[in-house]
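First up is the structure itself, then whatever we jot down about it.
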Amino acid sequence: MSRTLFEKIIAREIPAEIVYEDSQLLAFKDIKPQAPVHILIVPKKPIPRIAEAGQWDYQVLGQLLLRAAEVAHEAGLGESGYRLVINNGPDGGESVPHLHCHILGGRKLAWPPG
Ligand code: AMP
């Protein structure tokens, strides 16, 4: 199976502005930001999408959310707030089939989303 764009970023084959890394996760700035702060946090394990995560992935999924909150705080969003978004499948707006959580903030975000 061909490797995903995010696997290539994790392997440093494609450049990205990395803001956080540990043994399980990588966070980097979105190339096409939709808000003043727009960071993606991804598991290094290439789970295609949340619908394909299994029970055995519970530990990395927990870390994904916990670290997303920390990365948001580090990005200066602790007081103002932020949104975490996971797009799943065509109607969800998923374009990269490697699970990732968007961290969006730095402006008032509309609800419901478009
Ligand atoms: P999604 O539409 O939820 O699958 O999100 C994929 C995100 O990846 C989009 O917000 C893109 O702007 C972002 N993206 C695509 N290519 C890159 C890249 N090379 N570096 C950083 N972000 C990227």
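Considered as a group, the residues in the stretch 26-45 that are of a type in the set (A, V, I, L, M, F, W, C) and near the ligand (Cβ under 8 Å from one of its atoms) include one that is surrounded by the fewest Cβ atoms within 10 Å (Cβ to Cβ), and that residue is I31. Condition first: open to solvent by less than 60 Å² (accessible area, probe 1.4 Å) and either within 19 Å of E7 (Cα to Cα) or at pLDDT below 95 (or both). Can you find one or more residues in the stretch 49-56 that meet it? The answer is yes, given that some residue of the stretch 49-56 is open to solvent by less than 60 Å² (accessible area, probe 1.4 Å) and either within 19 Å of E7 (Cα to Cα) or at pLDDT below 95 (or both). Could you check, for the stretch 92-101, whether at least one of its residues is more than 10 Å from the ligand (Cβ to nearest atom) and open to solvent by 40 Å² or more (accessible area, probe 1.4 Å)? The answer is no; no qualifying residue exists. Taking interchain pairs and intrachain pairs at least six residues apart, which have beta carbon atoms under 6 angstrom, with the first residue in the stretch 56-68 and within 13 Å of V42 (Cα to Cα) and the second open to solvent by 40 Å² or more (accessible area, probe 1.4 Å)? What qualifies is V60/Q24; Q63/Q24; A68/L84. Of all residues in the stretch 73-91, those being more than 8 Å from the ligand (Cβ to nearest atom) and either surrounded by 15 or more Cβ atoms within 10 Å (Cβ to Cβ) or in contact (Cβ under 8 Å) with a residue 12 or more places away in the chain (or both) number 11.
What is the residue count in the stretch 84-111 for residues that are part of a loop (DSSP other than H, G, I, E, B) and over 21 Å from A51 (Cβ atoms)? Spell out the reasoning first.
Narrowing the stretch 84-111 to residues part of a loop (DSSP other than H, G, I, E, B): 86-88, 93-100, 106-111.
Narrowing further to those that are over 21 Å from A51 (Cβ atoms): 106-111.
Looking only at that region, the number is 6.
Considering the stretch 12-67, the qualifying strands (runs of 3 or more DSSP E), each wholly inside and each with 2 or more residues that are under 15 Å from V96 (Cβ atoms) and out of contact with any Lys or Arg (no Cβ under 7 Å at 6 or more places or on another chain), run over 25-29, 37-43.
The values are calculated or read from the model by the stated rules, or taken from the named source; none is laboratory data. This structure is a prediction, so every number in the text was calculated from the model and none was measured. Neighbour counts are summed over all protein chains in view; Cβ atoms, including those assigned to glycine, are modelled from backbone coordinates with ideal geometry. These area figures cover heavy atoms from the full protein model, side chains too; ligands, DNA and RNA do not enter into them. Shrake-Rupley method; radii C 1.70, N 1.55, O 1.52, S 1.80 Å.
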